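Visitor: Here it is: the structure, laid out below.
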Amino acid sequence: MKTGIILTLLAIALGGPLAHAQPSERALPGNASEHDIKLSLIETGATMSEQTLKCGLVSEKEVQATRALHRKSMPRHLGFSSAEYDSIYTRALTGFQQRWAAMSTQQREQECQQLHMLNKGSR
């Protein structure tokens with residue numbers, strides 16, 4: 001996955017307009033502990049990977065490669081076991097998939113349009 005896209009999407013997910021990408025209120029300024037921020041990083045990675053896949057910005061192969069890379073390095077850097085990381089990631093991914101399924105086609109298209117515009121702006 002392109003680094004520019006990841007950084008832009010992560011910034012937006014932690015405080016920007018893409019409400020469906022925001023994992024929880026824990027990440028809001030003033031509410032977040034270090035642990036909450038670490039959880040939010042994993043959750044955001046899961047939701048943004050899936051959203052960029054659904055919107056056609058990346059392939060399944062790219063998502064799997066990025067997840068494998070993050071799964072190898074993030075638990076150690078964030079202080080989680082691999083099992084904890086997998087659990088957090090899977091829970092966030094499931095939550096995103098449920099929200100995505102509940103969205104109308106128009107809402108999905110709007111979300112994807114925003115991501116495509118961000119992608120053009122990050123080049």
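The values are calculated or read from the model by the stated rules, or taken from the named source; none is laboratory data. Since the model is a prediction, treat every value here as computed from it, not as a measurement. Note: ideal-geometry Cβ built from the backbone for every residue, glycine included; neighbour counts use all protein chains shown. Note: accessible area is taken over every heavy atom of the protein model, side chains too, but ligands, DNA and RNA are not part of it. Shrake-Rupley method; radii C 1.70, N 1.55, O 1.52, S 1.80 Å.
Visitor: Show me the ranking of peptides 97-109, 70-82 by mean Cβ neighbours inside 10 Å, starting with the highest.
Guide: 70-82, 97-109
Visitor: Please compute the per residue accessible area over the stretch 79-121 with all protein chains in place, 1.4 Å probe, rounded to a whole number of Å².
Guide: Value for the stretch 79-121: 61 Å² per residue.
Visitor: Could I ask something else about it? For a test of the definition: using alpha carbon positions, the gyration tensor, and the 1.5 limit on a/c, classify the stretch 66-123 as rounded, prolate or oblate.
Guide: oblate
Visitor: Ignoring ligands, DNA and RNA, what percent of the accessible area of the stretch 26-123 is carbon or sulfur (1.4 Å)?
Guide: After summing per-atom areas, the C and S share lands at 53 percent.
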